[in-house]
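The values are calculated or read from the model by the stated rules, or taken from the named source; none is laboratory data. Not measured: the values here are computed from a predicted model. Methodologically, a virtual Cβ is constructed for each residue, glycine included, from the backbone with ideal geometry; neighbour enumeration extends over all protein chains shown. SASA here: full protein model, heavy atoms, side chains in, ligands and nucleic acids out. Shrake-Rupley method; radii C 1.70, N 1.55, O 1.52, S 1.80 Å.
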Amino acid sequence: MLNLDTLLLVQVCITLLTTALLVASACYTGSPSEQRWWAAGNLVVSLGLAMANMYGVPDIFSAILGYGMIAFGMGLVLRGLRVYCSEVPRWREVIVVTAVALLIPAYFTFIVPSLRARLCYSGFYFALLNWQCALTLARHGGWRGIVISVAGFTVLGLALFARGMNMVFHSDPADVPGSLVMGASMLAIPLAQVCIAFGLILMVMWRYAERLRKLSTLDALTGALNRAGLEIQGKRVGLRAQRGRRSLAVIMIDVDFFKTINDTYGHPVGDEVLRHMARILRLELRPYDLLARFGGEEFVLMLDGLNRDAAIKVAERLRARIELELVEIDALSVRYTASVGVVSSDEHGYDLIRLISAGDAAMYEAKRSGRNRVIGG
């Protein structure tokens, strides 16, 4: 038989340690709001657990306010999870969760006094709250970062549900502490708490890592890939096309007289021209194509499954649209054109550097031929 006093001490220590860990991780400048909600929620849950387990105090503190604080803390954690999952957090949800946790224990304490019913309710209700947290994360997806937290909330819910079911089959609450189910649940609860705490911190770490990865591979001005991102993802696209024995087209696009635009209207207008071009090019992309800013005013499109003739039609469509549209910023309206070079793996192979070099040569041929035109290389 498991020693329940020892397990209770372990549970208290784990609760305090995980709460301290979450609070410490949230107490730094720039910490995400969801992390602060999780820390606040765990702190309130810890205070609620301490209040609910007090002996010799009126029932209104241990049986009602204690449960209410635990539910309020769970509501704050759930709010943080919704923020993390880019859902709309509502205080109404936190208020309802807390109100239910206050009203039902009050009913079984003052109107129909029943310790057994109150304990059954606490097991089932808090199990449902933990499962709601797990479901919120599971709907979000991205299992690589959330699986530990989902597992922790699920196991904690199962342990609490088992305690509630165990109480259903014991008419005398005094018999419950000696049951195997109670011992097993008290062992599972601290383990689940550790999973949840570390899982929540890992979720934030994964998100920061993803942001850093994007910052290192994306152009800050246009949102297109930068050269580093093009090298990484471009090789993957090339290998994918080669293995599928499909053509791979590369389109090089350069803004005509971009230096004149900057000198005449200023760099903010030049930046808006680049953003405008990136938006036009992005409209032509399929999910598996790539857009990159190769440098300065030069962009690269990688189109999987298109030969040179098909890519020239795409490039001509883009060139015509760029020529027709106006860039408007403040009171200015600026029109610009672009020179385009098109090459394909059918003529130059699948090597990314060779394709870009050939496309660059075709693009400069378009400039030498009078600009605002498409040349196939």
Query raised in the report: In percent, how large is the relative contact order of the stretch 273-322, given Cα pairs closer than 8 Å and 6 or more residues apart?
Result: 34 percent
Query - √(5λ) per eigenvalue of the Cα gyration tensor, the stretch 261-329, largest first, Å - result: 25, 13, 10
Query - Among 203-215, 315-327, 73-85, the order from most to least packed when residues are scored by Cβ within 10 Å on average - result: 73-85, 315-327, 203-215
Query - Ranked by how many other beta carbons lie within 10 Å on average, peptides 362-375, 276-289 from highest - result: 362-375, 276-289
Query raised in the report: At 222 nm, what helix-only mean residue ellipticity would the chain give, in deg cm²/dmol to the nearest 500, using -39500 (n - 2.57) for each DSSP H run of four or more?
Result: -22500 deg cm²/dmol
Requested in this report: Report the label-to-label distance for Leu102 and Ala320 in nanometres (one decimal), using points 7 Å from each Cα along the Cα→Cβ vector.
Outcome: 6.8 nm
Report summary line: Length gained, Ile353-Arg243, 0.36 nm per residue minus C-alpha separation, equals 37.8 nm
Requested in this report: Let me have the relative contact order for the chain, percent, based on Cα pairs under 8 Å that are six or more residues apart.
Outcome: 12 percent
Requested in this report: Would you compute, for the Cα atoms of the stretch 1-87, the largest minus smallest coordinate along each principal axis and list the three values in descending order, in whole Å?
Outcome: 42, 28, 23
Report summary line: A chain fully extended from Ser333 to Arg139 at 0.36 nm per residue, minus the present Cα-Cα distance, gains in nm 65.3 nm
Report task. Of the DSSP beta bridges with both residues in the chain, give the percent that are antiparallel, rounding to the nearest 5. Result -> 85 percent
Query raised in the report: Once the Cβ-Cβ distance between Ala50 and Ile111 is put in as r, and R0 is 25 Å, what FRET efficiency do you end up with, to the nearest 0.05?
Result: 0.45
Report summary line: Expressed as a whole-number percentage, the relative contact order of the stretch 264-377 with C-alpha contacts under 8 angstrom and at least six residues apart is 21 percent
Requested in this report: Taking Cα extents along the principal axes in Å as the quantity of interest, determine which of [x] 63, 45, 40; [y] 94, 51, 31; [z] 94, 73, 45 was computed from the displayed structure.
Outcome: [y]
Query raised in the report: What whole number of Å gives the distance from the Cα centroid of the stretch 199-221 to the Cα centroid of the stretch 305-327?
Result: 34 Å
Requested in this report: With the full set of protein chains in place, find how many percent of the accessible area of the chain is carbon and sulfur; take the probe as 1.4 Å.
Outcome: 63 percent
**Report entry** Whole-angstrom gap from the stretch 49-108 to the stretch 330-370, using each part's C-alpha centre
**Finding:** 62 Å
Query raised in the report: Once you put a point 7 Å from the Cα of Val194 and another 7 Å from the Cα of Phe257, both along the Cβ direction, what distance in nm separates them?
Result: 7.0 nm
Report summary line: With label points set 7 Å from each Cα along the Cα-to-Cβ direction at Leu128 and Ser369, the distance between them in nm comes to 7.1 nm
**Report entry** Most mobile of Asn166, Asn42, Asn130 in a GNM of the chain (Cα contacts under 10 Å)
**Finding:** Asn166
Query raised in the report: Build a GNM of the chain with springs between Cα atoms under 10 Å: which of Tyr265, Tyr107, Tyr336 gets the top mean-square fluctuation?
Result: Tyr265
Report summary line: Packing-ranked peptide list from 347-356, 236-245, highest mean Cβ count within 10 angstrom first, is 347-356, 236-245
Query raised in the report: For the stretch 42-105, what is the largest minus smallest coordinate of the Cα atoms on each principal axis, given in angstrom and ordered from greatest to least?
Result: 44, 21, 10
Report summary line: Taking only the alpha-carbon atoms of the stretch 8-59, the convex hull volume per residue, in cubic angstrom, is 73 Å³
